[in-house]
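Working notes for the structure below.
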Amino acid sequence: MAIRKSKEENYVINGNIDNVRLIVLQALQAGGFTKIDDNRVINQISADYKKFPVWGNIQLTLVEEENKVKVNAVATANVDNIYALFSSPTQKIFNKFKQNL
């Protein structure tokens with residue numbers, strides 16, 4: 001069984017929830033994420049990231065406040081490989097998401 005660790009980050013994006021949802025979905029697609037699931041009922045988006053040597057996922061929760069949307073992001077990745085000793089797999093997942101945001 002794989003050893004997994006999670007890391008959490010928060011972002012604030014100007015705009016309404018529909019525009020931010022579209023931006024987030026486009027960022028995930030451009031970042032190479034797969035199995036993107038957009039649950040509009042609870043405003044949560046999840047996606048897998050499986051590129052060598054990183055194997056994990058990201059879960060984004062959107063909360064609308066006035067003209068801003070708070071995005072709570074939680075990345076979870078396997079850390080039981082030699083590559084995880086040199087750089088954080090969860091940080092790589094966040095970086096792929098943020099680079100395309």
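The values are calculated or read from the model by the stated rules, or taken from the named source; none is laboratory data. In this text the structure is predicted, and so the values were computed from the model without any measurement. Methodologically, a virtual Cβ is constructed for each residue, glycine included, from the backbone with ideal geometry; neighbour enumeration extends over all protein chains shown.
For (1) closer than 24 Å to residue 5 by Cα; (2) in contact (Cβ under 8 Å) with a residue 40 or more places away in the chain, each residue gets a yes or a no:
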{"site": "22", "(1), (2)": "no, no"}
{"site": "41", "(1), (2)": "no, no"}
{"site": "44", "(1), (2)": "yes, no"}
{"site": "72", "(1), (2)": "yes, yes"}
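When 68, 92, 96 are checked against the criterion of being of a type in the set (Lys, Arg) and surrounded by fewer than 17 Cβ atoms within 10 Å (Cβ to Cβ), 68 stands alone in meeting it. Looking at 36, 82, 45 in this structure, which one is aliphatic (A, V, I, L, M), surrounded by fewer than 16 Cβ atoms within 10 Å (Cβ to Cβ) and modelled with pLDDT of 95 or more? Only one candidate qualifies: 36.
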